[in-house]
1. Say we look at segment 98-129 and pick out the residues that are closer than 18 Å to Asn28 by Cβ and among the aromatic types (Phe, Trp, Tyr); which of these is farthest from the chain's Cα centre (by Cα)?
2. Has segment 51-65 got any residue that is exposed (fewer than 11 other Cβ atoms within 10 Å of the Cβ), part of a strand (DSSP E or B) and modelled with pLDDT of 85 or more?
3. Starting from segment 80-97, take each residue that is touching a residue at least 60 places away in the same chain (Cβ under 8 Å) and list its partners that are surrounded by fewer than 10 Cβ atoms within 10 Å (Cβ to Cβ), counting only C-beta distances under 9 angstrom and pairs at least six apart or across chains.
4. Does segment 131-150 hold any residues that are modelled with pLDDT under 80 and open to solvent by 90 Å² or more (accessible area, probe 1.4 Å), and which are they?
5. Can you name the number of the only condition in (1) within 24 Å of the chain's Cα centre (by Cα); (2) without any contact (Cβ under 8 Å) to a residue 24 or more places away in the chain; (3) open to solvent by less than 90 Å² (accessible area, probe 1.4 Å) that Ser71 fails?
6. Could you tell me which of the residues Gly79, Gly105 is open to solvent by 60 Å² or more (accessible area, probe 1.4 Å) and more than 19 Å from Val147 (Cβ to Cβ)?
7. Among the residues of segment 34-45, is there at least one that is part of a loop (DSSP other than H, G, I, E, B), over 27 Å from Glu108 (Cα atoms) and open to solvent by 70 Å² or more (accessible area, probe 1.4 Å)?
8. Can you tell me which residues in segment 93-130 are in contact with a helix residue (DSSP H, G or I) (Cβ under 8 Å, 6 or more places away or on another chain), at pLDDT 85 or above and part of a helix (DSSP H, G or I)?
Amino acid sequence: MEEALNLLSDRILNDDISTNSYVKNFRNSNVQKLEQHLESNNILTTEQFGFRKGVHTENAVFSLTNNIITSLNQRQQVGGIFCDLTKAFDCVDHTILLNKLHYYGIREKCHPWFKSNLENRKQRVCVSPYILEEEKSSNREMVVIGVPQGSVSYKFF
């Protein structure tokens, strides 16, 4: 089974089949299993508001506002530091992520699947012919940090 997972994972990296409905169902199935694992083992903190069923970013706003009001009512000082994490997915180190997945019980068949979706990825930059007279693109380079966005699995990274 593990060999089949690795083979399929290698094929998923090929752009030609990444839109295949079987591949999408396979990814969705793995993500659902991961969601169940994270929820049933209480791995995610209560402060994890994004990417969870029944929990929304509006809950984060309510929680923050409630904590501020409660502290002010108790005559405590309140301060805040706000960080823009919009590019956070682009900074994820693959080794650290894979170690964390292993630590939280993502092993055996699933760990190689995540590993193959992160490792040996290449990307390039293409410039539209609308900007230049003809389409230009860079050479493909290995991606060693960041997680694939646009897939259903990125939300756990």
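The values are calculated or read from the model by the stated rules, or taken from the named source; none is laboratory data. The model shown is predicted, which means the values in this text are computed figures rather than measured ones. Neighbour counts are summed over all protein chains in view; Cβ atoms, including those assigned to glycine, are modelled from backbone coordinates with ideal geometry. Calculation scope for accessible area: heavy atoms of the full protein, side chains included, ligands and nucleic acids excluded. Shrake-Rupley method; radii C 1.70, N 1.55, O 1.52, S 1.80 Å.
1. The extreme case among them is Trp113.
2. Within segment 51-65 (the criterion being exposed (fewer than 11 other Cβ atoms within 10 Å of the Cβ), part of a strand (DSSP E or B) and modelled with pLDDT of 85 or more), the answer is no, since none of the residues qualifies.
3. Between residues of segment 80-97 that are touching a residue at least 60 places away in the same chain (Cβ under 8 Å) and residues that are surrounded by fewer than 10 Cβ atoms within 10 Å (Cβ to Cβ), there is no close pair.
4. Ile131, Glu133, Glu134, Glu135, Lys136, Gln149
5. All conditions are met except number (1).
6. Gly79
7. No.
8. His94, Leu97, Leu98, Leu101, His102, His111, Pro112, Lys115, listed by residue number.
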